[in-house]
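Asker: My questions all concern the structure below.
The values are calculated or read from the model by the stated rules, or taken from the named source; none is laboratory data. Note that the coordinates shown come from a computational prediction; the quantities given were computed from them, not determined experimentally. Reconstructed Cβ throughout: ideal geometry from the backbone, glycine too, with neighbour counts over all protein chains shown.
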Amino acid sequence: MDVFRGTSIIRNTVSQTTTTISRDPTAPPALTEHAEAVGALLNDMITCVLTEDTWPGPLVLVSLCRTLDIDRAGLDLLAHHTLTALLAQQPGPEALVRTAATFAAATCHLPVADDLHRKPHLSRPTRPATAPAETHLPMPPTWACSGCAHEWPCATKQSQLLAEFGGTRPALGIYLGSCFSAALFDLPRANKQHLRHRFLGWLPRETS
Ligand SMILES: [Zn+2]
């Protein structure tokens, strides 16, 4: 799939998904209140799906749901709207299957009710060693950057995130916090303070 077509599928799917969720009265408020964080996650997820990479894994999705207190029903709703939007873009059956599989794997690790702090124990498929150079995506379990091999989020990704989120927004903190908590599981020997600084410490102070 060429880059332009892929970019258009990703952009349209993310924007249509967040739009339909904002109009869905049954959607959990957290999904609409933190639309930027959800959109950023969907963007990275669909990028990997289309590049036939294995996405950082359902773990980040699980982490975001835990941070936003979204249960299985909420994730099902997100999966439904995402797949509907993606289907309309005709990305091919492979991409749809990979997207559905990612959601399904994440769903297994979410509580039906209020057991929100169970430790995930996902088995991850192996992933290709390389990803497109222009993308800077996290690669669990090492959490190196897919684009430049530096620790994620690398300097490039930091600027991209600030641009995507329009500055230091609460949703950006939520997204990075989700990645941080997923990385904590993957890197149990890492110094927690160092890890927190790596994921969240670079954020500029919010100016009023
Ligand atoms: Zn990078």
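Asker: Restricting to region 22-36, what's the tally of residues that are over 19 Å from residue 165 (Cα atoms) and among the charged types (D, E, K, R)?
Answerer: Here the count works out to 2.
Asker: Checking residue 6 against (1) of a type outside the set (Phe, Trp, Tyr); (2) over 19 Å from residue 96 (Cβ atoms); (3) in contact (Cβ under 8 Å) with a residue 40 or more places away in the chain, which test does it fail?
Answerer: (2)
Asker: Which of the residues spanning region 176-191 are away from the ligand (no atom under 16 Å from the Cβ) and within 24 Å of residue 110 (Cα to Cα)? Walk me through how you get there before you give the answer.
Answerer: Step one: list which residues in region 176-191 are away from the ligand (no atom under 16 Å from the Cβ), which gives 177-178, 180-182, 184-191.
Answer for region 176-191, where residues must be away from the ligand (no atom under 16 Å from the Cβ) and within 24 Å of residue 110 (Cα to Cα): 177, 178, 180, 181, 182, 184, 185, 186, 187, 188.
Asker: A follow-up question, please. Determine which member of the set 86, 64 is in contact (Cβ under 8 Å) with a residue 40 or more places away in the chain, more than 14 Å from the chain's Cα centre (by Cα), buried (at least 22 other Cβ atoms within 10 Å of the Cβ) and within 23 Å of residue 146 (Cβ to Cβ). Explain how you work it out, then say what you get.
Answerer: Values: 64 fails: more than 14 Å from the chain's Cα centre (by Cα).
Result of the check over 86, 64: 86.
Asker: Something else now. What pairs come up if the first residue lies in region 134-154 and is over 21 Å from residue 62 (Cα atoms), the second is near the ligand (Cβ under 9 Å from one of its atoms) and outside any loop (DSSP other than H, G, I, E, B), and their beta carbons are under 6 Å apart, counting only those six or more places apart or on different chains?
Answerer: 154/145
Asker: What number of residues within region 149-208 satisfy the criterion of being in a helix (DSSP H, G or I) and among the small types (Gly, Ala, Ser)? Walk me through it before giving the result.
Answerer: Keep residues of region 149-208 that are in a helix (DSSP H, G or I), which gives 155-165, 170-186, 192-201.
With the extra rule that they be among the small types (Gly, Ala, Ser), the set shrinks to 155, 159, 163, 171, 173, 177-178, 181-183, 201.
Residues in region 149-208 being in a helix (DSSP H, G or I) and among the small types (Gly, Ala, Ser): 11 in total.
Asker: Quick test for you: out of 182, 131, 113, pick the one residue that is under 17 Å from the mean Cα position of the chain (by Cα), modelled with pLDDT under 70 and not aromatic (Phe, Trp, Tyr). Explain how you work it out, then say what you get.
Answerer: Numbers: 182 fails: modelled with pLDDT under 70; 113 fails: under 17 Å from the mean Cα position of the chain (by Cα).
Only one candidate qualifies: 131.
Asker: Let me ask you something else. Taking region 47-61, which residues are at pLDDT 85 or above and within 9 Å of the chain's Cα centre (by Cα)? Lay out the reasoning, then the answer.
Answerer: Taking region 47-61 as the starting set, the residues that turn out to be at pLDDT 85 or above are 47, 61.
Matches in region 47-61: 61 only.
Asker: I'm trying to understand the selection: among the residues of region 151-165, which are more than 16 Å from the chain's Cα centre (by Cα) and more than 8 Å from the ligand (Cβ to nearest atom)?
Answerer: Across region 151-165, the qualifying residues are 151, 159, 163.
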